[in-house]
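A.B. asks: Structure provided below as structure tokens; questions to follow.
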Amino acid sequence: MTVERSPVVRAEVRLVALPLLRPFVTGFGVTASRHTVLVHLVDEAGNEGWGEGPALDHPYYLPETAEATFSVVRDFALPLALGTGSLDPGDVAASMLRVRGNGFAKAAVEAAFWTLGASDARVSLREMFGGPRTAVPVGESLGITATVEQTVDEAVRRLAEGYQRIKLKIQPGWDVDVVAAVRQAVGDEVMLQVDANAVYTLDDADHLARLDEFELACIEQPLGWDQLLEHAELQRRMRTPICLDESLRSVEHVRHALDLDACRNVNLKPARVGGISASLQIAEICRQRGVPLWCGGMMESGIGRAGNLALCSLPAFTDPADMSPASVLFESDLVDPTYEVDPDGTIAVPAQPGLGFDVRLDRVEARAVQRAAVPTPVG
């Protein structure tokens, strides 16, 4: 039986500033400023849908930038979605297939329809996805610091706060020594992994193989963002499982990477792969193949984190997620109350209907640097 739903009468997209407490340093460079793209839908009954496309301000992680994502949502993705006349997220995702790449834009639009549907049905996103967990384990990602001692101190501090896994950003000249120091400080039982953000080459294979002695959960994206064959060759030369991030931008990329044995661990960022529908498919692939899966972070606001937390309620997510609370990243979140890490190293999955968090529209408006209304079939 088809359930009648109120049509969308208002659709808006905003480019919003998220002031960082401190720059985040990785192998691809320094992220010193942060903007994100928000999609806001309102239906005739007053239900609201929110989605976030957390592309970075620079094209050093992936080609998309925050400003480009805003333009693609405004001019293409959101008009295509509204033009379907359907409120079903699957139909919305299908309508945007004409747009090549631009996963962040698609993800923002699709998430807004998911949360609008959850609001209309008076259920949480977790209930919509069918996830049984009410809390998810989380880890912390540590950027490159001025000294090894600073990184060691931060790792110890984060573990004392309850985080269940530590991820270290590495780059040439900042790898084996810092990993050795952190492993010695935290002990052999702590889950430890590293993230290279695509800054090494196959010529570094023998050097990277030295990381095998530290019993890491994985080494994330050591080689180029488009080098699946090279990652497969590196995996043959290392015992440490390779995890891919930037290389996995679609369901098809995940299948190809696993078929090639280019990775044995998957970092899933819903915005990177084009949204929740694709994420659900990837989670099922990993579950069927017994591949460790975890949710990565893009320094989203609570608007984007809501969907990530709900996805992590699914059993397919086997490892702690990257889910730094806003209090670690930003001057303030766009939702209030926001979330924090509990002493047991978990974050509660939002249980209230719709997005799961209350959006601070005053903060959204105050930080908006660009905004646009997109015509709706009804509005």
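A.B. asks: Can you list the strands (runs of 3 or more DSSP E) lying wholly within the stretch 25-110 that have 2 or more residues being surrounded by 18 or more Cβ atoms within 10 Å (Cβ to Cβ) and more than 17 Å from the chain's Cα centre (by Cα)? Can you show your working first?
C.D. replies: Working: elements: 29-31, 35-43, 48-53.
Ranges flagged: 35-43, 48-53.
A.B. asks: Assess whether GLU140 counts as being outside the structural domain of PRO23 (by TED's automatic domain parsing) and either over 18 Å from ALA271 (Cβ atoms) or out of contact with any helix residue (DSSP H, G or I) (no Cβ under 6 Å at 6 or more places or on another chain) (or both). If you could, list the steps in order and put the result at the bottom.
C.D. replies: Details: outside the structural domain of PRO23 (by TED's automatic domain parsing): yes; either over 18 Å from ALA271 (Cβ atoms) or out of contact with any helix residue (DSSP H, G or I) (no Cβ under 6 Å at 6 or more places or on another chain) (or both): yes.
The answer is yes for GLU140.
A.B. asks: Just the residues that are of a type outside the set (A, V, I, L, M) and within 14 Å of VAL291 (Cβ to Cβ), please, taken from the stretch 221-244. Before the answer, list the steps.
C.D. replies: Within the stretch 221-244, the first condition is being of a type outside the set (A, V, I, L, M), and the residues that meet it are 221-222, 224-227, 230-231, 233, 235-237, 239-241, 243.
Within the stretch 221-244, GLN235, PRO241, CYS243 meet the criteria.
A.B. asks: Could I ask something else about it? Quick one: in the stretch 318-345, which of the residues that are among the hydroxyl-bearing types (Ser, Thr, Tyr) and surrounded by fewer than 19 Cβ atoms within 10 Å (Cβ to Cβ) is farthest from the chain's Cα centre (by Cα)?
C.D. replies: Applying the filter and picking the extreme gives SER332.
A.B. asks: A further question follows. Being small (Gly, Ala, Ser), in a helix (DSSP H, G or I) and modelled with pLDDT of 95 or more narrows it down to one residue among GLY131, GLY117; which is it?
C.D. replies: Values: GLY131 fails: in a helix (DSSP H, G or I).
Exactly one of GLY131, GLY117 is small (Gly, Ala, Ser), in a helix (DSSP H, G or I) and modelled with pLDDT of 95 or more, namely GLY117.
A.B. asks: So PHE214 passes all but one of these: (1) under 26 Å from the mean Cα position of the chain (by Cα); (2) farther than 29 Å from SER250 by Cβ; (3) aromatic (Phe, Trp, Tyr). Which condition number does it fail?
C.D. replies: If we test PHE214 against (1) under 26 Å from the mean Cα position of the chain (by Cα); (2) farther than 29 Å from SER250 by Cβ; (3) aromatic (Phe, Trp, Tyr), just (1) comes out false.
A.B. asks: List, please: which pairs have Cβ atoms under 8 Å, are six or more places apart or on different chains, and start with a residue in the stretch 278-305 that is more than 23 Å from GLU140 (Cβ to Cβ) and end with one that is among the hydroxyl-bearing types (Ser, Thr, Tyr)?
C.D. replies: Short answer, once both residue conditions are applied: ALA278/SER250.
A.B. asks: Now a separate question. Between VAL378, VAL369, which is in contact with a strand residue (DSSP E or B) (Cβ under 9 Å, 6 or more places away or on another chain), at negative phi, surrounded by 12 or more Cβ atoms within 10 Å (Cβ to Cβ) and not assigned by TED's automatic domain parsing to the domain that holds PRO89? It would help to see each step written out before you state the result.
C.D. replies: Working: VAL369 fails: not assigned by TED's automatic domain parsing to the domain that holds PRO89.
Just a single option satisfies the conditions, and that option is VAL378.
A.B. asks: Here is a follow-up. Suppose we filter GLU213, GLU189, GLU154, GLU140 for residues that are among the charged types (D, E, K, R), crowded, with 16+ Cβ neighbours inside 10 Å and without any contact (Cβ under 8 Å) to a residue 24 or more places away in the chain; which single one remains?
C.D. replies: On the way: GLU213 fails: crowded, with 16+ Cβ neighbours inside 10 Å; GLU189 fails: crowded, with 16+ Cβ neighbours inside 10 Å; GLU140 fails: without any contact (Cβ under 8 Å) to a residue 24 or more places away in the chain.
Of the residues listed, the single one that is among the charged types (D, E, K, R), crowded, with 16+ Cβ neighbours inside 10 Å and without any contact (Cβ under 8 Å) to a residue 24 or more places away in the chain is GLU154.
A.B. asks: Please work out which one of (1) buried (at least 18 other Cβ atoms within 10 Å of the Cβ); (2) assigned by TED's automatic domain parsing to the domain that holds PHE317 is the condition THR134 fails and give its number.
C.D. replies: All conditions pass for THR134, except number (1).
A.B. asks: Can you find, within the stretch 285-317, the residue that is surrounded by the most Cβ atoms within 10 Å (Cβ to Cβ) among those that are touching a helix residue (DSSP H, G or I) at 6+ places or on another chain (Cβ under 8 Å) and β-branched (Val, Ile, Thr)?
C.D. replies: Once the filter is applied, the top-ranked residue is VAL291.
A.B. asks: Out of the residues in the stretch 217-253 that are over 26 Å from ALA271 (Cα atoms) and not in a helix (DSSP H, G or I), state the one that is farthest from the chain's Cα centre (by Cα).
C.D. replies: Of all residues in the stretch 217-253, those over 26 Å from ALA271 (Cα atoms) come to 233-240.
Cutting the leftovers down to not in a helix (DSSP H, G or I) gives us 237-240.
Values: ARG237: 29, MET238: 27, ARG239: 27, THR240: 23 Å.
My answer is ARG237.
A.B. asks: Would you check which residues across the stretch 211-234 are in contact with a strand residue (DSSP E or B) (Cβ under 9 Å, 6 or more places away or on another chain) and within 19 Å of VAL179 (Cα to Cα) and list them?
C.D. replies: LEU211, PHE214, GLU215, LEU216, ALA217, CYS218, ILE219, GLU220, GLN221, PRO222, LEU223
A.B. asks: Check whether at least one residue in the stretch 23-34 is touching a strand residue (DSSP E or B) at 6+ places or on another chain (Cβ under 9 Å) and modelled with pLDDT of 95 or more, and report yes or no.
C.D. replies: Within the stretch 23-34 (the criterion being touching a strand residue (DSSP E or B) at 6+ places or on another chain (Cβ under 9 Å) and modelled with pLDDT of 95 or more), the answer is no, since none of the residues qualifies.
A.B. asks: Something else: Of the numbered conditions (1) more than 27 Å from THR65 (Cβ to Cβ); (2) in contact with a helix residue (DSSP H, G or I) (Cβ under 8 Å, 6 or more places away or on another chain); (3) of a type outside the set (Ser, Thr, Tyr), ILE282 satisfies every one except a single condition; which is it?
C.D. replies: All conditions are met except number (1).
The values are calculated or read from the model by the stated rules, or taken from the named source; none is laboratory data. Keep in mind the model is a prediction, meaning the values are calculated, not measured. Virtual Cβ from ideal backbone geometry, glycine too; neighbours counted across all protein chains shown.
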